[in-house]
Amino acid sequence: MNSLYKHSIRDNRVREYLPPVRVLLSENAEHPENLLGENGIQVYLYHFNASQRATTLQPGGMVLLDYGVELAGGIRVNVSGEGGKIRIRFGESVSEALNTPNQDHAIHDAELQLPRIGMLEYGNTGFRFISIVNTGSEALTLFSVYAVALYRNLELAGSFQCSDERLNKIWDTAVYTLQLCMQDYIYDGIKRDRLLWMGDMHPEVRGILAAFNDTSLVEKSLGFMVKTTNPNRGMNDCWSYSMWYLICLQDYFFATGNYSFLESQREAVFNIMEHLEQFIGDDGSEQIPETRFLDWPTRDNEVATHAGLQGLMLWAFRALEDLMKYYDLPSARTIEAQQKLRRHCPPCGGSKSAAALQTISGLCDRTEIIENDPFHGISTFMGFCILLAKNTVPALEMIRKYWGAMLDFGATTFWEDFDLDWIKNAARIDELPVPGKDDLHADFGAWCYKGLRHSLCHGWSCGPMPFMSERILGIEFLEPGGKKIRFAPDAGDLDYVKGAYPTAYGKVAVEMKSAGKWEISAPSEIDIVE
């Protein structure tokens, strides 16, 4: 489709309208139920008797609406009478819509002037709930208040079904969380941190590769990070995030076989490699300069940070070794760096994140740390790596209990962070606050995600989805584009598994019909190794 405008930038997202599904609360409001269902996205004029189908808010009146699911976008308010002023608050939880939301990165609390017999669209954030208060001195007649949802309408090429419906729901919710964060770039979250953070993208990249044929947003986001990074500084001012870039690039290249993009990244790859080589001490220890960042729970734990960075750097050089083959260059430098790093295996300071990185990289086996009090000390960001470092049965138990608990308390997307201790005396996020119960959204959180600043739709929390698709379906790319795949499924404690994984040549379909009996079908171009 051609554009009407010479210098336009095309928005590849779709735009859909969602009516509210529940009125959770109303005060001084006449017929608030009229806002439910399809009442039209445009206003009816007086001679169509619009007022008979509308909701009237008296001065000071309010209505709290539930759209049934978290979404990215804003609202369209249609006024069928005189205009007026309203205060609108977006909420990912009921509590947020009734309190004073945080305004970082997107406006969630605003006073708006509504037109007479007209329509106003406002907002670009993440939300499920909206409260509207008539702050004017006259009655206000609302014909409809629709959510405006923005998302990429992508074909879901990957799939996963098993004998445990809880795991199936978690897989689906993780995909939905991820898809909402796939906007013009790969966002961290749709409410707050609507930004590109290279390290945070790792679970998202693995999720995109496991779910969608269209992986162009990975290329766009990785390329943007390179273009906007000072070559003498790490991505997002963290050299650890440049290491995540190398790992994500290797994952993307092996999944897609996109040689032209790999070549376009050559200069950035070699620049990062040369810097990382300088950050290895004579004793093999990583000596990453500031900012030394692993994840938020280890922010003040230098022992854990050092341990995790040691494992992450080894993992990055392993990715570099794979990439060198396709740059037609010897991998001696990357192998030498790995040999140096393996000389130093520092203690993890009790951190599961650090232990997972050391285990995944092959630096040393830290299973004992990972399985000690297994449902605590987890972050949704590093949760994916912790799952990768675990055996399948305990990993599935962690998914059921940790991510499943968010669903139990009303989540429709997965959160920036979570702790099982929060739910001991908590009310659901999709119901009105309960006296004597903790507020899961407002009362908890730490670091950058305290209270209502906490994002309840964060892409880095999608980790169970790529884990289940990779580990249980048993798909590992050995050559770019999936030209060669190792098939090593592991059903754990499941009785039945069926799923698909996308490749550059088409879907690979996997099914376990009975214990130990697996079937796999793949395009003829793919070589399957068992």
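Counting every other Cβ atom within 10 Å of each residue's Cβ, Tyr501, Tyr496, Tyr402, Tyr176 order from fewest to most as Tyr496, Tyr176, Tyr402, Tyr501.
Of the residues Trp447, Trp415, Trp460, the one with the fewest other Cβ atoms within 10 Å heads the list, and the complete ranking is Trp447, Trp415, Trp460. Convex hull volume of the Cα atoms of the range 207-295, normalised per residue: 110 Å³. Using a Debye calculation, one point per C-alpha and no hydration shell, please list log10 I(q)/I(0) for the range 208-254 at q = 0.25 Å⁻¹ in order. The Debye formula, applied to the Cα set alone, gives -0.92. For the peptides 161-170, 234-243, residues were scored by their other Cβ atoms within 10 Å and the scores averaged per peptide; the highest-first order is 234-243, 161-170. Taking Cα atoms only, the orientation of helix 216-227 departs from the longest principal axis of the chain by about 70 degrees.
Going down the table (Lys484/Lys507; Lys483/Lys507; Lys390/Lys517; Lys191/Lys450), which pairs top 19 Å between alpha carbons?
Those over the limit are Lys390/Lys517.
For the range 72-123, trypsin sites (Lys or Arg not before Pro) are listed when DSSP marks them as loop and at most 11 other Cβ atoms sit within 10 Å of their Cβ; the list is Arg116.
Contact order, relative form, for the chain: 15 percent (alpha carbon pairs under 8 Å, 6 or more residues apart, mean separation divided by residue count). Placing a label point 7 Å from the Cα of Thr367 along the Cα-to-Cβ direction, the residues of the range 378-407 with a backbone N closer than 13 Å are 389-395.
For Lys424, a cut-off of 15 angstrom between C-alpha atoms picks up these aspartates and glutamates, skipping any fewer than 8 places away in its own chain: Asp408, Asp438, Asp439, Asp443. The peptide list 119-126, 216-223, 251-258, put in order of mean Cβ contacts within 10 Å with the highest first, becomes 251-258, 216-223, 119-126. Straight-line reach from Lys340: which aspartates and glutamates have Cα under 16 Å away, leaving out those fewer than 8 places along the same chain? Straight-distance partners of Lys340: Glu274, Glu277, Asp282, Asp283, Glu286, Glu321. Here the contact order of the range 142-277, divided by its residue count and restricted to Cα pairs under 8 Å and six or more residues apart, works out to 21 percent. Remark on Leu25: its backbone amide H falls under 5 Å from those of Leu64, a criterion applied only to residues 5 or more positions apart or on other chains, H modelled at 1.01 Å from N. The Cα-based radius of gyration of the range 359-423, divided by its Kirkwood radius, gives an Rg/Rh of 0.98. Taking all Cα pairs closer than 8 Å and separated by 6 or more residues, the relative contact order of the range 332-412 comes to 25 percent. Restricting the range 268-341 to GluC sites (Glu not before Pro) that sit in a DSSP loop and have at most 10 other Cβ atoms within 10 Å of their own Cβ leaves Glu290.
Across the range 289-296, coupling constants 3J(HN,Hα) worked out from phi with the 6.51/-1.76/1.60 Karplus curve, θ = phi - 60°, read x, 4, 8, 8, 10, 10, 7, 5 Hz, and Gly and Pro carry x.
Principal-axis analysis of the Cα atoms of the chain puts helix 302-326 at an angle of about 70° to the longest axis.
For the chain, taking Cα atoms only, Rg and Dmax work out to 24.9, 84 Å respectively.
Kindly express, to the nearest 10 degrees and within the range 0 to 90, the angle between helix 201-211's C-alpha long axis and the longest C-alpha principal axis of the chain. That helix lies at roughly 80 degrees to the long axis.
Please work out the FRET efficiency for the pair Ala488 and Leu432, using the Cβ-Cβ distance as r and a Förster radius of 51 Å; give the result to the nearest 0.05. The formula returns an efficiency of 0.55 here. Among 63-71, 262-270, 145-153, the peptide with the highest mean count of other Cβ atoms within 10 Å heads the list, and the full ranking is 63-71, 145-153, 262-270. Between Gln287 and Ile335, the modelled label-to-label distance comes to 2.6 nm, taking each label 7 Å out from Cα in the direction of the beta carbon. Here the simple spin-label model places points 7 Å from the Cα toward Cβ, and for Lys517 and Arg299 these points are separated by 5.4 nm. Figure legend: label point modelled 7 angstrom from the Cα of Ala509 along Cα→Cβ; residues of the range 150-183 with amide N under 19 Å from it are 155-163.
Under the 0.36 nm per residue contour assumption, what length would be gained going from the current alpha-carbon distance of Asp184 and Arg13 to full extension?
Numbers: separation 171, 0.36 × 171 = 61.56 nm, distance 0.80 nm.
Full extension of this stretch gives 60.8 nm more.
Spacing of the modelled spin labels on Leu120 and Ser163, each 7 Å from Cα toward Cβ, amounts to 5.7 nm.
Cβ-Cβ distance of Ile528 and Lys6, R₀ of 45 Å, FRET efficiency by 1/(1 + (r/R0)^6): the value works out to about 0.35.
Along each principal axis, taking the top coordinate minus the bottom one, the Cα set of the range 477-530 gives 32, 16, 14 Å in descending order. Here r is the Cβ-Cβ distance between Phe224 and Glu27 and R0 is 51 Å; the resulting FRET efficiency, rounded to 0.05, is 0.65.
Where a number appears in this text, it was derived from the coordinates with a stated rule and is not lab data. None of these values were measured; they are calculated from a predicted model. Heads up, the Cβs are rebuilt from the backbone with ideal geometry, glycines too, and the neighbour counts pull from every protein chain shown.
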